[in-house]
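Every read-out reported here was derived from the displayed coordinates using simple, explicitly stated rules and does not represent laboratory data. Model, not experiment: these values are computed from the prediction. Please note: Cβ atoms are built from the backbone with ideal geometry, for glycine as well, and neighbour counts cover all protein chains shown.
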Amino acid sequence: MSNTPKRVPDIGVVIITRNESANIASCLESIVSNSAGFDVEIFLVDSASTDLTVEIASRFPATIIRLDPSPLLSPSVGRFVGTRYVSAPVIQFLDGDMVMLPGWLEAAVHALEDKDIGGVAGLLHRSVPGNGDRTVKREITSTMTVECFGGAAMYKKVVLDRVGTFNPFMLGEEERELGYRIRREGLRLKRIPADMAIHMEKVQDHSEVNEKSRYFRGVGQLIRAYPFTPIFWRIIGLQRKEMQMQVMFWLLPLAAVILAIEGEPVGATVAACVMALFTAALVAWKGPRKVVLFAKRRVLIPWNIAKGFFIGIGRPEEFPETHTLEQAKATAPPPQASPI
C-alpha cells in the first residue's frame, strides 16, 4: 500500500454548463492559460446538455460531472455537486459562458489571505451579441464589502463547508442566499478592483426570457424561507423596479376591466384607447419584438415568484443527486486564440 500523500491542488475551479458549445472552449482555454504558477483542478458540471458541450470539454484537463436530466436541475445544483469534489482550499466558480481574465487568480488568492473574508469577486465585463470585440464593464464598483456575488466568485472551501455551500433546492438567488449565511457567520464578502472575467451575453429571445424569468422563483423561495429577516426586506427592496413595471403593465388593462364590470362603458373605452395608443407608441419606439418580450416578462415574473413561494426550499442532504463522473485528461491542448 502506497504511503504517498494525496495531492492537494492550490485552486479548484467549478464550471457549470448547459448547452454552451459555442463558449465552453474559450472558457476552459482561459483557465488553462491563466493558471500558471498554480496547481489547479477543474470540474465541469454539465446539466444534461443536448449539444456538443461535453464533447468539446472532454478535450481539456477537466473532470466532467454529467448530471442526469431532471426538473430539479439549476445553476445551484451544479455548484452544489461540483463543490463536493473539490479538495483545494479555495474554489473559483464560473459559468460556461464566461472567460477568465489574466491575473485574476493571483489577485483573488491574495485577497483571501485575510481571515475575515469568506469570498471575493472582481470586475465582471460583458460581451454583448453583435458588439464585435468590445466589452462593457458591468461591475464598476471599487474595493468594497458586498452582500453577495453573481455566478463568478472565489470562496474559501472551509467557509463553504461550514455554512453548507450552495443549496441545490434554490431555483434562483442562490448566491444571495449563500451570501446571507456566510455573513451571519461574521465573515465578509469583498469585491476587489481586479478584472475577473468576461460574460458572453446571449441574444434576448423567447427562450432566454423564459430562462431568466424562472430564476425569479428564488425570490419567492427567499420570501417564504426568511420572513421579516434582513434578507427578506432586502429582496423586497430589490423588486421595487419590477413592481413599478408591473403597475405600468397591468394598470390600464385592469382599469378597463373593472370599469366595464361596474357598468362604466365610457370609462372602460377611454382606458382601452389609452392602452392601445400607449402600446402603439411603444411599438414604434422599441419595435414589436422588444414589446412582446417586455410583456412576456411581466407575465412570467410574478407567476414564477408565486411558484417559488409555494415550492419553498428543501434540505440539501435530501437532494436526489444522480450523475456520471468522467476523470480529467492528464494534459491540455495548446491554448488557442481567444475570440475576445
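Points to keep in mind about this one:
- Separation of the alpha carbons by more than 23 angstrom is noted, of Lys286/Lys307; Lys157/Lys212; Lys156/Lys212; Lys202/Lys296, for Lys286/Lys307; Lys157/Lys212; Lys156/Lys212.
- Helical contribution to [θ] at 222 nm, DSSP H n ≥ 4, -39,500 (n - 2.57), averaged over the chain, rounded to 500: -13500 deg cm²/dmol
- Modelled label positions at Val274 and Thr50, each set 7 Å beyond Cα in the direction of Cβ, lie 4.5 nm from each other.
- Net lengthening on full extension, Phe249/Glu208 (0.36 nm per residue, minus Cα-Cα): 12.7 nm
- Residue among Val159, Val270, Val247 with the largest mean-square fluctuation in a Gaussian network model of the chain, springs linking Cα atoms under 10 Å: Val270
- Sorted by Cβ density within 10 Å, fewest first, the residues Val203, Val163, Val13, Val274: Val203, Val274, Val163, Val13
- Exposure here means at most 15 other Cβ atoms within 10 Å; with GluC sites (Glu not before Pro) in a DSSP loop as sites, the longest stretch of the chain lacking them is 1-112.
- Distance between the 7 Å Cα→Cβ label points at Val291 and Thr324: 4.8 nm.
- Percentage relative contact order, the range 143-238, counting C-alpha pairs under 8 Å, at least six apart: 34 percent
- Once the trypsin sites (Lys or Arg not before Pro) in DSSP loops with at most 11 neighbouring Cβ atoms within 10 Å are cut out of the chain, the longest remaining piece is 135-340.
- Per-residue Cβ neighbour rank within 10 angstrom, fewest leading, Asp39, Asp10: Asp39, Asp10
- Cβ-based net charge around Pro9, under 10 Å, with every Lys or Arg adding one and every Asp or Glu removing one: -2
- Summary value for the chain: 22 percent relative contact order, contacts being C-alpha pairs under 8 angstrom separated by 6+ residues.
- Rg over Rh for the range 212-340 works out to 1.19, both radii taken from alpha-carbon positions and Rh defined as the Kirkwood radius.
- Among Cys273, Cys148, Cys27, a tally of other beta-carbon atoms within 10 Å of each Cβ gives an order, fewest to most, of Cys273, Cys148, Cys27.
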